[in-house]
Every structure is written in structure tokens, then in C-alpha cells.
Amino acid sequence: MYNRVDNYELAYSYSNIIYEDPGSITEKCHSSFNRIEALIGLNHDQVDVEIHNSLAVCKEADEPLFSWLITSLQMEFLVKNKQFLKAISIYEDALEQSQISDYVTVKTRIYHQATLAYIGIADYVSAEKLAKQIVKGSKDVLLSMPVQSSYYSLYQISKARGELKEALNYFEAYSQALAAYQNDRADRLLAYNLAVGQIELKNQRIALLDKDNEVLALQRDLYEQEARQNRLLVLILAAVLLLASVLAYRGMTGRYRFKKIAEYDQLTGISNRYHFNKQARLALQYCEQNAKPVAVILFDLDHFKQINDAHGHAAGDWALQAVVKTCRNFMRNNDVFGRIGGEEFAVLLPGCQIDKAALLAEICRDAIASIDCSDSGFDFVLTASFGVSGSDTSGHVLKQLLGDADNAMYQAKAAGRNRVMAFSN
Ligand SMILES: Nc1nc2c(ncn2[C@@H]2O[C@H](COP(=O)(O)OP(=O)(O)OP(=O)(O)O)[C@@H](O)[C@H]2O)c(=O)[nH]1
């Protein structure tokens, strides 16, 4: 097709692809015809070698039609290069092959080139004979190149002989054949250009689709980037939230720890003097407002200094912890228990009369005296002296209640320790 519209470069490039990598030897032979035609069109300097190779290929493929077609191209190449005798020699060889009559197109092509070769050597008789055969045998193929070329050859021959009337007739026939040939060629060119235009349109559509795809890919990249950024943002927010929670937690636990240190005795875990006073005042206020009795127990370990001195400070600490642990067992939830001195403890009992408080003190005293101190690693006995006061005699004032309980405890110490004394007026 590309050869028909003189686009020899494209014709060569496509036919060469098949020629170099054919599916079969037959395919190689067929492609070689178009390839040679393109090479002649391109004035390639190795055409004769290529023709020789292609003829060998078609012979091997047993393709006589294509062998003859290539032979006609070989003649065309020779005539083009004014090697008329060589072209005539090929024609004469061809005549000897009876097979050639089977292929009208091939025969016309070969006769046509032979006509041109004869004109080239001014053998008008032979040229005329052949040209007339072409014209006669190709009445219905006015369009073909050999036909219009043959009419032109006949015109030239008649003119050279001075047969002007005949020359005019041939020229008219030539003009007619040429017009038909050119119309056909114009149709082919139009079809070709239409095809090229359609291909161009398709390519433009493909390019547009490619552009669309590019835009879509860009959009996708953008969405992905956005998604990545959102994920990052969520991660950062989560991290900030986590950090804030950790800081808040640490702040809370810090405050709680600080509060605990400030309000509780680190050794025994019960309220320190400051917190005991605060809690006790609140409880007293409640009891006074609700006309409820209240009692206070104050107790102090006996000869505690001796324990420290004899067994060391660690043994003394153990004893303090053991006493608190033991006494705690006998206290209610709303009793206020605190360590108000080194080895001195106080309990405020809301809603409790002094006699019941004295009873509880007795229970604690007995329990302290029963502590097995060997767990400390030393052998000693713990006792404590208790003083008890009540709101009936001391009122709902903490200072008074503690003072009166202290007096009673002093009496217990004075009376020989390890005992309970209740304050009375
Ligand atoms: N191991 C220890 N000892 C303490 C602590 N706080 C105070 N002490 C000791 O408690 C002892 C109190 O001694 P004293 O006031 O003489 O009283 P005591 O030896 O118990 O004698 P009486 O009260 O008269 O029976 C001192 O030796 C203090 O060092 C403490 O937290 N741990």
C-alpha cells in the first residue's frame, strides 16, 4: 500500500520487519517483493544484490509468481539505470519459460519493461510488437501503468516513423489511459490520506485518553497524598492526646502522691498529726451538730526508747507498724486514727460514749501486749498505756478532749504502764 502511494520509506520499514523476522520462508518471499519495490523507489545502491537474494528466497519457497514479479522489478531497475541489453536478456530468458503465460499481470509487467528496453536501444519493431500485445491483452485494465506507458511507447514509435495520424491516435489513447491511471492513483492517494487522517485522529484520541489518564493518575496521587497527610495528622493528634493524657495522669498522680505525703504518716500509713486534727475537727463538728457523743483514745508505747536502744531503730519502726496494724483491726470506718507523736497515737470515735471507748482501748492494749515480736528478729515485749476522754465531760472541743485523754494516759503511765485510764472530773 505504501509503495502504491510512493511512501517508500514506510513501505521498506514494514516489509523489512517481516523480511527479517518472517513466520515462514513463503512469508519472507512475499515480503521481499514489496521490499525490493521500496528499495528501487528509494534508489538504494544495493538493489541488485537484494534482488539476487530475494530471487533465491522465492525459489527456495517455491513461489514462481513472486519470482516473476521480482524479475519484473529487476528489469524495471535495469531500465531505470539504462542497462537495456541486460533487461532484454532477462526478457528473452523469460520467454523461454512457458510458465510465464499463466500470470497475465506478471507477463504485462515484463513486456512493459522489455518495450522500454527496446525503445532504449531504438529497436522500435520489437518495442511496437510488445506494446501492441500489452494494449491488446489489457483492454479492460486501462488503469494500469503498463497500458498507459505502452500507448505512449506506440505514440513515440509512430512519431519517430513520421506516421502522424497513428501517432495522434496512440496519443489520444495514451491520454485516456493516463487520465484513468491518474484517477485511480488519485483515488488511492485519497484513500491513503483518509486512512492517515483517521490514524492521526485515533492517535490524537489516544493522546487525549493518555492525558486523561495522566490527570486521573495525578488526581489519584493527590488523594493518596491527602490520605497520607490525614493519617499523619491523626497520628500527630493521637500522639498529642497521649502526651496530654500522660502529663495529666502524671499531674494527678503527682498531686495525689504529694497529698498523701502531706497527710499520711509514711511509716504506718495512718493520718499524721495535721491530718488527724483536720479530720477529727470535722467529725466533732458533725457530732456536735447532731448531738452525738464522741470519745478520744490516746496511747503511748511503754519504754519505747529502750526498744530502740536495745534492738536498733529498725526494730522500733517494726514495732510501730505492728501496733498500728493490730489496732486498726478493731476500728470502724468512721473512726479517725492518727499518729500524733513519735510513739504516741490518737483515735477519735464519733457517736461513742467514753465507757465503750475505754472498752475498745482495753481490747487494743491487750492486743498490743500479745504481739509476737520475734518476727522483728528480736525478742522483746510491747505494751502501751491508754488514756480515754469523752464529750460528756470534755465537750466537743478537740484540744480539751486530747488534753483530758493525755491526763488520763499520764495517770496510766504513773500507775505502772500497760493499762487504760478514763478521764473523770
Ligand atoms: N524507731 C523509732 N523510734 C522513734 C520514732 N519516733 C520517736 N521514736 C523514739 O521514741 C522514743 C520515745 O522515748 P521517750 O519519750 O523517752 O519515751 P519512752 O521511752 O517510751 O518512755 P515512756 O513513754 O515514759 O514509757 C525516743 O527514743 C524516740 O527516738 C520513730 O519513728 N521510730
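Every read-out reported here was derived from the displayed coordinates using simple, explicitly stated rules and does not represent laboratory data. Treat the numbers as computed from the prediction; the structure is a model and nothing was measured. In this analysis, Cβ positions are derived from the backbone assuming ideal geometry, glycine residues included, and neighbour counts consider all displayed protein chains.
Just a few scattered comments:
- Förster radius 45 Å - calculated FRET efficiency between LYS129 and ILE199 (Cβ-Cβ, nearest 0.05): 0.45
- Neighbour counting of Cβ atoms within 10 Å sorts the residues MET409, MET145, MET252, fewest neighbours leading, into MET252, MET145, MET409.
- Extension gain for LEU233 to ASP309 (0.36 nm times residue separation, less C-alpha to C-alpha distance): 20.8 nm.
- Projecting the Cα positions of ALA367, ALA179, ALA315 onto the charge dipole of the chain (unit charges on Cβ atoms of Lys, Arg, Asp and Glu, taken about the Cα centre) puts ALA367 furthest along the positive direction.
- Given charges at beta-carbon only (K, R positive; D, E negative), |dipole| of the chain in Debye: 1700 debye
- Global form of the stretch 8-205, assessed from the alpha-carbon gyration tensor, a/c cut-off 1.5: oblate
- Relative frequency of Cα-Cα separations exceeding 26 Å in the chain, percent: 73 percent
- In terms of distances greater than 29 angstrom between alpha carbons, the cross-link table entries LYS28/LYS86; LYS260/LYS413; LYS86/LYS165; LYS80/LYS107; LYS325/LYS356; LYS80/LYS136 yield LYS260/LYS413; LYS86/LYS165.
- Cα shape, the stretch 34-134, gyration tensor, a/c 1.5 rule: oblate
- Seen against the Cα atoms of the chain and their longest principal axis, helix 104-120 is set at about 60 degrees.
- C-alpha long axis of helix 8-20 to longest principal axis of the chain, angle in °: 70 degrees
- Which of ALA167, ALA191, GLY377, positive extreme of dipole for the chain (C-beta unit charges): GLY377
- Structural size metrics of the stretch 242-376, computed from C-alpha coordinates, are Rg and Dmax of 17.7, 57 Å.
- Set of lysines near LYS211 by C-alpha distance (under 19 Å), chain-local residues within fewer than 8 positions excluded: LYS202
- The chain: angle of helix 398-414 to the longest principal axis, Cα-based, in degrees nearest 10: 60 degrees
- Estimated vicinal HN-Hα couplings, Hz - the stretch 249-266 in sequence order (Karplus 6.51, -1.76, 1.60; Gly, Pro = x): 4, 5, x, 5, 5, x, 4, 4, 4, 4, 4, 5, 5, 6, 10, 10, 6, 5
- Length released on extending from ARG161 to ASP62, taking residue separation times 0.36 nm less the Cα-Cα span: 31.2 nm
- Per-residue ³J(HN,Hα) for the stretch 127-136, Karplus 6.51 cos²θ - 1.76 cosθ + 1.60, θ = phi - 60°, Hz, x for Gly and Pro: 4, 4, 4, 5, 4, 5, 4, 4, 4, 5
- Rounded Å value of the spacing that divides the Cα centres of the stretch 316-395 and the stretch 66-138: 142 Å
- The residues TYR91, TYR118, TYR410, TYR274, when put in order of fewest to most other Cβ atoms within 10 Å, stand as TYR274, TYR410, TYR91, TYR118.
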